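Data block below; observations after.
The values are calculated or read from the model by the stated rules, or taken from the named source; none is laboratory data. Predicted model only: the values in this text are computed from it and were never measured. Cβ: placed from backbone, ideal geometry, glycine included. Neighbour counts: every protein chain shown. The accessibility values were calculated without ligands, DNA or RNA, using every heavy atom of the protein model including side chains. Shrake-Rupley method; radii C 1.70, N 1.55, O 1.52, S 1.80 Å.
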Amino acid sequence: MSQATRDAILQQVRQTLEARLALSDQIPQLAEDVCRILERTVPWYDWVGIYLVEGDELVLAAWSGPAATEHVRIPIGQGICGAAAREGQTIIVPDVRQDPRYLQCFLSTRSEIVVPIRQDEDVIGEIDIDSDELAAFDEKDRALLEWLASELAERLPHHRASAA
Ligand code: SME
């Protein structure tokens with residue numbers, strides 16, 4: 001796929017997400033819709049989930065993809081998801097088979113991006129996307145998903161998390 005095609009798809013999904021975010025309803029329906037929009041619009045997003053922090057765990061709140069994951073609760077600090085929550089920073093893994101932190105969900109997954117959802121310094125959740133393509137995620141995916149994370153943070157209840 002050309003860079004121009006990728007850019008056009010990311011621009012299109014951002015417009016769809018902006019329209020959805022403009023509607024007033026809240027989590028969990030909003031989280032489910034966001035996962036579905038991302039997974040169905042972007043061909044290299046094969047599984048999309050949103051985890052929310054509960055105590056010292058990440059709990060799967062919504063997902064879209066071909067199959068359910070067994071990792072519905074992930075302790076903060078474990079896996080790529082737990083590392084991103086602990087660090088409060090986006091993690092892009094170009095080849096999950098080379099990363100010892102990786103917790104496998106699907107045999108077909110080759111790369112992953114995890115973007116924390118933050119309220120001030122607190123991590124309250126994250127967006128987790130798996131791709132069947134190697135090195136599927138670049139800085140444009142990061143920019144889109146970090147924008148989305150900040151939009152979701154404004155719509156989630158404020159609370160202190162234990163991840164910070
Ligand atoms: N691969 C993640 C676990 C969650 S699944 O991708 C849905 C990780 O390493 O934390």
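Once the piece of chain linking residue 101 and residue 21 is laid out straight, how much longer is it, given 0.36 nm per residue of separation minus the C-alpha distance between them?
Stretched fully, the residue 101-residue 21 segment lengthens by 25.5 nm.
Quick one: pull the percent of accessible area on the stretch 3-163 belonging to carbon and sulfur, 1.4 Å probe, ligands and nucleic acids left out.
Within the stretch 3-163, the accessible surface is 48 percent carbon and sulfur.
What is the sum of charges, Lys and Arg at +1 and Asp and Glu at -1, for the other residues whose Cβ falls under 11 Å from the Cβ of residue 3?
Spelling it out: positives minus negatives among the neighbours equals 0.
What accessible surface, in Å², does a 1.4 Å probe find on residue 50, ignoring ligands, DNA and RNA and rounding to the nearest 10?
10
Quote the accessible area belonging to residue 24 in square angstrom, nearest 10, computed with a 1.4 Å probe and with ligands, DNA and RNA left uncounted.
For residue 24, solvent-accessible area is about 100 Å².
May I ask for the net charge around residue 111, where only other residues with Cβ less than 9 Å from the Cβ of residue 111 are counted and Lys, Arg are +1 while Asp, Glu are -1?
-4
Out of the trypsin sites (Lys or Arg not before Pro) in the stretch 66-126, which ones are loop residues according to DSSP with at most 16 other C-beta atoms within 10 Å?
Sparse-neighbourhood loop trypsin sites (Lys or Arg not before Pro): 101.
Given charges of +1 on the Cβ of Lys and Arg and -1 on the Cβ of Asp and Glu, with all other atoms neutral, how large is the dipole of the stretch 3-163 about its Cα centre, in debye to the nearest 20?
That gives a dipole near 140 debye.
Consider a paramagnetic label point 7 Å from the Cα of residue 59 along Cα→Cβ; state which residues of the stretch 144-159 have an amide N under 20 Å from it.
Counting backbone N atoms under 20 Å from the label point, the list is 152-159.
Roughly how many nanometres apart are two label points built 7 Å out from the Cα toward the Cβ at residue 3 and residue 86?
3.6
Please check: in the Gaussian network model of the chain (C-alpha springs, under 10 Å), which one of 139, 154, 57 has the largest mean-square fluctuation.
139
From the residues 37, 81, 145, which one has its Cα farthest along the dipole of the chain in the positive direction, the dipole being from +1 and -1 charges on Cβ of Lys/Arg and Asp/Glu about the Cα centre?
37
Rounded to two decimals, what is Rg over Rh for the stretch 3-163 when you use alpha-carbon atoms and the Kirkwood radius?
Reported Rg/Rh, Kirkwood definition of Rh: 0.93.
Name the long-range amide H neighbours of residue 61: under 5 Å, sequence gap of 5 or more, or other chain; modelled H, no Pro or chain starts.
50, 51, 52
Any idea of the accessible area per residue across the stretch 49-164, 1.4 Å probe, to the nearest Å²?
For the stretch 49-164, the per-residue accessible area is 47 Å².
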